[in-house]
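J.: My questions all concern the structure below.
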Amino acid sequence: MVTICLWFRAAWLFNRNPPHFDEFTLPESTCRSFFRNVNWVLMKFYDISSGRDIRLFFLAILTLWMLSIIGNYVDTLNLFYIVVLCFETLPGLYERHRNEVDNLAAKLYRDSQKLYIKFEHNVLNKIPRGPAKQNKYY
């Protein structure tokens, strides 16, 4: 939209013809593919927010919380620059040091599983749970 607006303004300044909207067409397959992807994202958001995937729900809350903490200390433009820089450099570094990264990731995964088992044993299993309610059929 900004490009079209600038094109209209520049056409008036340089005595050129403004763009015609009949020239802007998209193939139907492109639109269907785009809206299929949008629908998939919206359904995933619905699944997360409705509580169907409770683990992903808490992961989303944790991620948003961590982003808010980082956002308190880092300017948005700087954060965007750091993310772009990471997207550009990390794949090359991973290709160069694949074995070391895979070993470290496997160790981190095992340690996090052990930590979750401890958390489950020390915290989650101590939460009192009442007896399951029986459904009454009339």
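The values are calculated or read from the model by the stated rules, or taken from the named source; none is laboratory data. Since this is a predicted model, take the numbers as computed values, not measurements. Counting neighbours? That spans all protein chains shown, and the Cβs are built from the backbone with ideal geometry, glycine included. Note: areas computed on protein heavy atoms with side chains; ligands, DNA, RNA excluded. Shrake-Rupley method; radii C 1.70, N 1.55, O 1.52, S 1.80 Å.
J.: With springs only between Cα atoms under 10 Å, which of TRP12, TRP40, TRP65 fluctuates most in a Gaussian network model of the chain?
T.: Highest fluctuation of the listed residues: TRP12.
J.: Contour minus end-to-end for THR30 and ASN99, with contour as 0.36 nm per residue of separation and end-to-end as the Cα-Cα distance?
T.: Value of the extension gain: 20.9 nm.
J.: Once you have a ≥ b ≥ c as the square roots of the Cα gyration tensor eigenvalues for segment 33-81, tell me rounded if a/c is under 1.5, and otherwise prolate or oblate according to whether a/b is larger than b/c.
T.: It comes out oblate by the Cα gyration axes.
J.: Turning to a different aspect of this structure: Please grab the % of Cα pairs in the chain that end up more than 26 Å from each other. It would help to have the intermediate numbers written out before the result.
T.: Values: 6262 of 9453 pairs.
Pairs farther apart than 26 Å: 66 percent.
J.: Determine the share of the chain's accessible area contributed by carbon and sulfur atoms, expressed in whole percent, with a 1.4 angstrom probe.
T.: On the chain, the fraction of accessible area on carbon and sulfur atoms equals 65 percent.
J.: Could you do me a favour and compute the accessible area per residue for the chain, 1.4 Å probe, result in Å²? Before the final figure, lay out each step's value.
T.: Working: 13820 Å² over 138 residues.
With all protein chains present, the chain gives 100 Å² per residue.
J.: Using a Förster distance of 22 Å, how high is the FRET efficiency between ASN122 and PHE58, based on the Cβ-Cβ distance and rounded to 0.05?
T.: 0.75
J.: Taking all pairs of distinct Cα atoms, average 1/r, flip it, and tell me the Kirkwood hydrodynamic radius of segment 52-126 in Å to one decimal place.
T.: 15.6 Å
J.: Could you size up the charge dipole of the chain around its Cα centre, putting +1 on the beta carbon of Lys and Arg and -1 on that of Asp and Glu, and report it in debye to the nearest 20?
T.: Using Cβ point charges on Lys, Arg, Asp and Glu, the chain gives about 880 debye.
J.: For every helix of n ≥ 4 consecutive DSSP H residues, a contribution of -39,500 (n - 2.57) applies; sum these over the chain, divide by its total residues, and give [θ] at 222 nm rounded to the nearest 500 deg cm²/dmol.
T.: -25000 deg cm²/dmol
J.: Using Cα springs under 10 Å in a Gaussian network model of the chain, which residue among TYR116, TYR46, TYR94 shows the largest mean-square fluctuation?
T.: TYR116
J.: Helix by helix, which DSSP H runs in the chain go 18 Å or more along their axis at the Cα atoms and have an average Kyte-Doolittle hydropathy of 0.5 or more?
T.: 54-73, 76-96
J.: For HIS121, what accessible surface area do you get with a 1.4 Å probe? Give it in Å², rounded to 10.
T.: It works out to around 120 Å².
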